[in-house]
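What follows is a single structure, written as structure tokens, with notes after it.
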Amino acid sequence: MAEAQWQNWSGSVVATPATIATPRDERELAGLVAAHDRIRVTGAGHSFMPLCETGGLLLRLEDMEGELEIASDGKSARAPAGWSLARLTEALWEHGYSLPNQGDVNPQSIAGAISTGTHGTGAVLGSLSTMARGFRLMLADGSIVECSCETEPELFEAQRVSLGLLGIALEIRFDIVPAYHLVEHIRAVPMAEVAERWDDLAAAHRHVEFWAFPYSDDVILKALDPCDPCPPPAHASDMDEKAFALYCKTVRRLPKLTASLQRQLMKHIKPSERRGPASRIFPSERGVRFEEMEHQLPRESGFAALRAVIDWIRSKKLPVAFPFEYRLVAGDDIWLSPFHAGDCASISMHQYAPMAWKALFGEAETIFRDHGGRPHWAKRHTLTREDVDRLYPKAADFRRIRHDVDPNGKFLNPHLAPLFGETA
């Protein structure tokens, strides 16, 4: 245990917990839970919202004892919830398995990724939360409960996207598939061509996405497809991190050059290919710090929303350093999932962390909401309790379950209490 300052990956969320603890077993964890009135759990700190912020106890679970267990039918696995996705996917690979899908970074904890609806891209592939099949939780009173669609089904439904409000995830059971390899193709394509062919591209590739700098008429198109077994890739990233870091620093110093620099940058995008195990191709190194906002929109509204926000940026000549990321995610039936209303286009808006982002995101959020957007829980948003009730028909059921398992609000914090705590 130690008293220390904590901050998230981007540096925008800072907290001073009374205690930061890294328990190693359930007995030690239960003692900590009993001794504190306010508790949050953190993984890699990749949440841009203050989900982990607390003045009480901040827990890190990466050192908790436990092992990967593969089910006898080879269709699911069970792992310690505090493991990172990187550790999990490497362990799965050693046993001959992969996750059905991943996002483009992998330091996040399994529990953090699932509880916030983290996702990759794929027209018929859901978020990581849809892969969850069961949870082993420590509740606010220190008791331990198992939940699945067969056992404690309401708790399970609420836990699939829970924001850490129902208890501390100890172990998670999730879907797996036989290990597979991927080939990644990247190239520059006119935005107009991508928009015209998008449905065909989505149907032709297992995973497809693109990045769009607001001042370029071309986009960086990325497609991933299964391929024959092959060695790991020579490069751990889908981009030149050093060149991009230099570009971001230049935009920060000379914001009036943003448009011309983006057009120049796009001229240097050459077709490229990487092949390797899926667990090595999905994630890429992301060393340049940024702030992020993301909205899930009805699939048919995605391009209209993207065009609207880009037109606004261009009209105001705003220095937005990072490109937009445009992905597809299948709909689901999870209570607090932003994908609960059907198949989605997912649009991520980033800004270089040292640059101004609050006012920028605030204006852009209005545009995304006007197009039916629902924000990612872990990325910048300004949802109110009323917004939550409007966007999530099962919000009242979630609050009921939260109160049942944590009546004193041990797992609430100043950000989450107004959204999911008791009304005044």
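The values are calculated or read from the model by the stated rules, or taken from the named source; none is laboratory data. Everything numeric in this text was worked out from a predicted model, so none of it was measured. All Cβ positions, glycine included, derive from the backbone under ideal geometry; neighbour counts span all protein chains shown. Please note that ligands, DNA and RNA were not included when accessible areas were found on the heavy atoms of the full protein model with its side chains. Shrake-Rupley method; radii C 1.70, N 1.55, O 1.52, S 1.80 Å.
May I ask you to verify whether D404 is among the acidic types (D, E), open to solvent by 50 Å² or more (accessible area, probe 1.4 Å) and within 30 Å of P17 (Cα to Cα)? Before the answer, list the steps.
Numbers: among the acidic types (D, E): yes; open to solvent by 50 Å² or more (accessible area, probe 1.4 Å): yes; within 30 Å of P17 (Cα to Cα): yes.
Yes; evaluated as a whole, the condition is true for this residue.
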Scanning region 194-234 residue by residue, the ones that are at pLDDT 95 or above, open to solvent by 60 Å² or more (accessible area, probe 1.4 Å) and of a type in the set (A, V, I, L, M) total 2
When region 55-69 is checked residue by residue, the ones that are of a type outside the set (K, R) and open to solvent by 10 Å² or more (accessible area, probe 1.4 Å) are G55, G56, L61, E62, D63, M64, E65, G66, E67, L68, E69
Consider region 220-253. How many of its residues are without any contact (Cβ under 8 Å) to a residue 40 or more places away in the chain and over 25 Å from Y180 (Cα atoms)?
7
Which pairs turn up if I take residues in region 320-344 that are modelled with pLDDT under 95 and look for partners that are of a type in the set (K, R) and not in a loop (DSSP other than H, G, I, E, B) with beta carbon separation below 9 Å, at least 6 apart in sequence or on another chain?
A341/R374
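Sort out for me the strands (runs of 3 or more DSSP E) sitting completely within region 1-78 that have 1 or more residues that are within 23 Å of P414 (Cα to Cα) and in contact with a Ser or Thr (Cβ under 6 Å, 6 or more places away or on another chain).
39-42, 57-60
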Can you tell me which residue in region 80-106 is farthest from L125 (Cα to Cα), limited to those that are surrounded by fewer than 21 Cβ atoms within 10 Å (Cβ to Cβ) and in contact with a Gly (Cβ under 8 Å, 6 or more places away or on another chain)?
S84
Hey, could you check region 331-364 for residues that are open to solvent by less than 10 Å² (accessible area, probe 1.4 Å) and touching a Ser or Thr at 6+ places or on another chain (Cβ under 8 Å) and say which is nearest to E294 (Cα to Cα)?
S346
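Find the helices (runs of 4 or more DSSP H) located wholly in region 343-413 whose residues include 1 or more that are aromatic (F, W, Y), and list them.
Details: elements: 358-370, 385-391, 395-405.
Filter on region 343-413 gives 358-370, 395-405.
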Condition first: open to solvent by 10 Å² or more (accessible area, probe 1.4 Å) and touching an Asp or Glu at 6+ places or on another chain (Cβ under 8 Å). Now tell me which residues in region 168-182 satisfy that.
L170, H181
Of a type in the set (S, T, Y), over 21 Å from the mean Cα position of the chain (by Cα) and either closer than 18 Å to S237 by Cα or part of a helix (DSSP H, G or I) (or both): does that describe S284?
no
Pairs, first on the phi > 0 side of the Ramachandran plot in region 381-410, second of a type outside the set (S, T, N, Q) and open to solvent by less than 70 Å² (accessible area, probe 1.4 Å), C-beta under 6 Å, six or more apart:
G409/G421
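Among the candidates R314, R275, R286, R263, which residue alone is of a type outside the set (G, A, S), open to solvent by 10 Å² or more (accessible area, probe 1.4 Å), within 26 Å of D370 (Cα to Cα) and touching a residue at least 24 places away in the same chain (Cβ under 8 Å)? Before the answer, list the steps.
On the way: R275 fails: within 26 Å of D370 (Cα to Cα); R286 fails: within 26 Å of D370 (Cα to Cα); R263 fails: within 26 Å of D370 (Cα to Cα).
Result: R314 is the single residue among R314, R275, R286, R263 that is of a type outside the set (G, A, S), open to solvent by 10 Å² or more (accessible area, probe 1.4 Å), within 26 Å of D370 (Cα to Cα) and touching a residue at least 24 places away in the same chain (Cβ under 8 Å).
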Residue list for region 107-126, filter: of a type in the set (V, I, T) and either buried (at least 19 other Cβ atoms within 10 Å of the Cβ) or under 20 Å from S47 (Cβ atoms) (or both):
I110, I114, T116, T118, T121
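In this structure, does F324 turn out to be in contact with a strand residue (DSSP E or B) (Cβ under 9 Å, 6 or more places away or on another chain), among the aromatic types (F, W, Y) and open to solvent by 10 Å² or more (accessible area, probe 1.4 Å)?
Values: in contact with a strand residue (DSSP E or B) (Cβ under 9 Å, 6 or more places away or on another chain): yes; among the aromatic types (F, W, Y): yes; open to solvent by 10 Å² or more (accessible area, probe 1.4 Å): no.
In short, no.
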